[in-house]
Amino acid sequence: MSPDQYALGKARLKLGALVLFAFPGSPMVYYGDEAGTEGFEDPFNRRTYPWGREDMELIAFHKAAISLRKEYPVLRHGSLKQLYGAYGVLAYGRFDETEKILVALNNTEEIRTVSIPVWQMGVQAEGTLQNCLMTNRDGFTVFGFSYPVRNGNVLLSLPPKSAMAAREI
């Protein structure tokens, strides 16, 4: 596998993992995915764990996704509402009476700028969302970017192969 193919696969894996950890139900990670084990056809897709050759960035990302789910109970027990859907782009809300989290992803090769009606999950018409976890081809971050909510909508520019979770503050 070329380095470019590995980077693309890794970006897709992180994108999917964030959706998995922010979706209702119990997240399940196939043994070795969190460490960058490459998948192939049977029987090679069941290789042993890559002890000593783990992708430490993927392990750190999975730990951050697990921490996100633990820190915000709404990701385990809250309501779910799709807020936006277009080719390669999806946004949904996880919310209850006290917490609101927006999850958005861009599975295309271009930057996608979208306006998401977060008022539909109870976010204040004039407020702020703060990034909890964002991933793209270059890595991931848990540090808080802020996104202003205007008239109940938030405008996001999503990088290619990215996903993010942001909470109302």
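Residue count for the range 118-140 satisfying the condition of being over 19 Å from THR98 (Cα atoms) and open to solvent by 50 Å² or more (accessible area, probe 1.4 Å): 3. Scanning the range 65-88 for residues being more than 18 Å from GLN120 (Cα to Cα) and either open to solvent by less than 20 Å² (accessible area, probe 1.4 Å) or basic (Lys, Arg) (or both) gives a total of 5. Assess whether THR98 counts as being surrounded by 15 or more Cβ atoms within 10 Å (Cβ to Cβ) and assigned to a loop (DSSP other than H, G, I, E, B). For THR98, the condition - surrounded by 15 or more Cβ atoms within 10 Å (Cβ to Cβ) and assigned to a loop (DSSP other than H, G, I, E, B) - is not met.
A quick yes/no check of all residues on (1) acidic (Asp, Glu); (2) surrounded by fewer than 16 Cβ atoms within 10 Å (Cβ to Cβ); (3) at pLDDT below 95; (4) farther than 14 Å from VAL19 by Cβ:
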| site | (1), (2), (3), (4) |
| --- | --- |
| GLU110 | yes, yes, no, yes |
| PHE145 | no, yes, yes, yes |
| ARG150 | no, yes, no, yes |
| ASN153 | no, no, no, yes |
| GLU168 | yes, no, no, yes |
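Identify, please: which residue in the range 12-51 is small (Gly, Ala, Ser) and modelled with pLDDT of 90 or more and is, among those, nearest to ASP96 (Cα to Cα)?
Going through the range 12-51, the residues small (Gly, Ala, Ser) turn out to be 16-17, 22, 25-26, 32, 35-36, 39.
Add one more test, that the residue is modelled with pLDDT of 90 or more, and what stays is 16-17, 22.
On the way: GLY16: 23, ALA17: 22, ALA22: 14 Å.
Across the range 12-51, the extreme among qualifying residues is ALA22.
I'd like the residue in the range 44-63 that is part of a helix (DSSP H, G or I) and open to solvent by less than 20 Å² (accessible area, probe 1.4 Å) and, out of all such residues, is farthest from MET121 (Cα to Cα). Here the residue is LEU58. Scanning the range 133-141 for residues that are assigned to a loop (DSSP other than H, G, I, E, B) and without any contact (Cβ under 8 Å) to a residue 60 or more places away in the chain turns up at least one hit. Inclusion of LEU58 among residues that are within 18 Å of GLN130 (Cβ to Cβ) and under 15 Å from the mean Cα position of the chain (by Cα) is not warranted.
Quick one: count up the residues across the range 14-31 that are in a loop (DSSP other than H, G, I, E, B) and over 9 Å from ALA65 (Cα atoms). Step through it out loud before you land on a result.
Initially, the range 14-31 is screened for residues in a loop (DSSP other than H, G, I, E, B), giving 22-31.
Cutting the leftovers down to over 9 Å from ALA65 (Cα atoms) gives us 23-31.
Final tally of qualifying residues: 9.
The values are calculated or read from the model by the stated rules, or taken from the named source; none is laboratory data. These numbers were taken from a predicted model, which means no experiment stands behind them. Don't worry about glycine lacking a Cβ; one is built from the backbone with ideal geometry, like all the others, and counts go over all protein chains shown. With ligands, DNA and RNA removed, areas are computed over all heavy atoms of the protein, side chains included. Shrake-Rupley method; radii C 1.70, N 1.55, O 1.52, S 1.80 Å.
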